[in-house]
Amino acid sequence: MSHKGILIVISGFSGAGKGTLVRKLMEKYDEYALSVSMTTRAPRPGEREGVEYFFTDKEHFEETIRQNGLIEYASYCGNYYGTPRAYVEKQLAEGKNVILEIEIQGALKIKSQFPESLLLFLTPPSGEELKRRLEGRKTESEEVIAKRLARAVEESEGVEAYDYIVVNDKLEECVEEVHSLVDAARRAPLRQEAFLRKIREELQRFTKGAD
Ligand code: ADP
Ligand code: 5GP
């Protein structure tokens with residue numbers, strides 16, 4: 001079977017554990033590449049330019065949109081976030097599974113542009129646990145946490161658009177579950193076009209020979 005890279009979208013409520021999960025997945029398996037997004041949000045303490053995000057201002061972000069430099073972008077809690085095009089296209093061409101850690105509006109744009117992408121929605125086991133994780137992270141003010149919890153209510157309405165829901169209860173189990181889903185997705189016929197084309201051509205050659 002062919003091993004062309006899959007475009008994987010991982011969304012989930014803020015505080016669900018997306019960043020933590022993706023870090024673990026990449027530590028464990030080398031077939032994944034993480035797309036670093038561009039954002040107009042200010043860096044959190046410890047965040048590094050080009051590692052967590054490419055931090056920029058509104059003017060530069062809008063210029064990048066005009067130049068078609070993003071495969072999708074969205075506005076989230078008052079800031080722009082977008083996926084730079086060049087990196088994603090290069091990594092997919094090289095056979096890597098490219099992870100986009102993006103919110104729901106962006107996820108829907110990706111699905112319509114790339115129907116063979118895999119959309120995963122990560123959630124903690126309960127609303128209570130989400131609040132606990134957001135507060136425990138200690139990276140946002142009470143006001144921002146309230147905004148993000150309100151946004152989670154809206155996002156919970158859009159989950160049906162995703163291929164799978166993944167519950168992040170025990171982190172190690174969650175990493176394995178995501179890896180298994182990607183492995184299973186790769187076997188779907190719509191992601192095996194090249195392999196199918198090849199075997200059909202071979203079979204046709206036999207048919208011609210038999211007449
Ligand atoms: P997101 O990227 O979805 O906003 P983070 O990865 O920053 O979320 O995780 C939010 C907080 O929850 C962090 O403090 C992280 O250490 C913690 N966390 C992540 N996964 C788990 C888990 N499975 N169990 C308990 N805490 C977790
Ligand atoms: P945070 O500020 O917590 O880093 O991210 C806020 C939200 O923006 C998260 O839901 C995250 O997944 C999403 N996000 C990050 N990068 C992108 C992106 O490039 N595009 C879109 N549409 N959403 C993004």
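Observations
- Selection from region 17-37 of residues that are within 12 Å of ligand 2 (Cβ to nearest atom), among the hydrophobic types (A, V, I, L, M, F, W, C) and either modelled with pLDDT under 95 or part of a strand (DSSP E or B) (or both): L34
- Within region 148-161, the set of residues being loosely packed, with under 14 Cβ neighbours inside 10 Å and in a helix (DSSP H, G or I) comprises A150, V153, E154, S156, E160, A161.
- Any pair with Cβ under 9 angstrom, 6 or more apart, that starts in region 6-33 at a residue that is among the charged types (D, E, K, R) and ends at one that is open to solvent by 20 Å² or more (accessible area, probe 1.4 Å) and within 15 Å of ligand 2 (Cβ to nearest atom): K18/E101; R23/L34
- Cβ separations smaller than 9 Å between residues 6+ apart or across chains give the following pairs from region 76-100 residues that are within 19 Å of R66 (Cβ to Cβ) and within 11 Å of ligand 2 (Cβ to nearest atom) to residues that are open to solvent by 50 Å² or more (accessible area, probe 1.4 Å) and aromatic (F, W, Y): Y80/Y73; Y81/Y73; G82/Y73; T83/Y73; P84/F54.
- Of note, T20 satisfies the criterion of being within 16 Å of ligand 1 (Cβ to nearest atom) and among the hydroxyl-bearing types (S, T, Y).
- Listing of helices (runs of 4 or more DSSP H) fully contained in region 55-147 that carry 2 or more residues being surrounded by fewer than 14 Cβ atoms within 10 Å (Cβ to Cβ) and within 16 Å of ligand 1 (Cβ to nearest atom): 127-137
- Residue match in region 36-55 (condition: within 19 Å of A185 (Cα to Cα) and in contact (Cβ under 8 Å) with a residue 60 or more places away in the chain): no
- Checking E116 against (1) modelled with pLDDT of 90 or more; (2) touching a Lys or Arg at 6+ places or on another chain (Cβ under 7 Å); (3) within 16 Å of ligand 2 (Cβ to nearest atom), the condition it does not meet: (3)
- The one condition in (1) open to solvent by 70 Å² or more (accessible area, probe 1.4 Å); (2) of a type in the set (S, T, Y); (3) at pLDDT below 95 that Y164 fails to fulfil: (3)
- Residue, nearest to the chain's Cα centre (by Cα), within region 33-63, restricted to residues that are aliphatic (A, V, I, L, M) and under 28 Å from I6 (Cβ atoms): L34
The values are calculated or read from the model by the stated rules, or taken from the named source; none is laboratory data. Quick caveat: nothing in here was measured; it's all calculated off a predicted structure. Methodologically, a virtual Cβ is constructed for each residue, glycine included, from the backbone with ideal geometry; neighbour enumeration extends over all protein chains shown. For the accessible areas, the whole protein counts, side chains as well, though only heavy atoms, and no ligand, DNA or RNA atoms are used. Shrake-Rupley method; radii C 1.70, N 1.55, O 1.52, S 1.80 Å.
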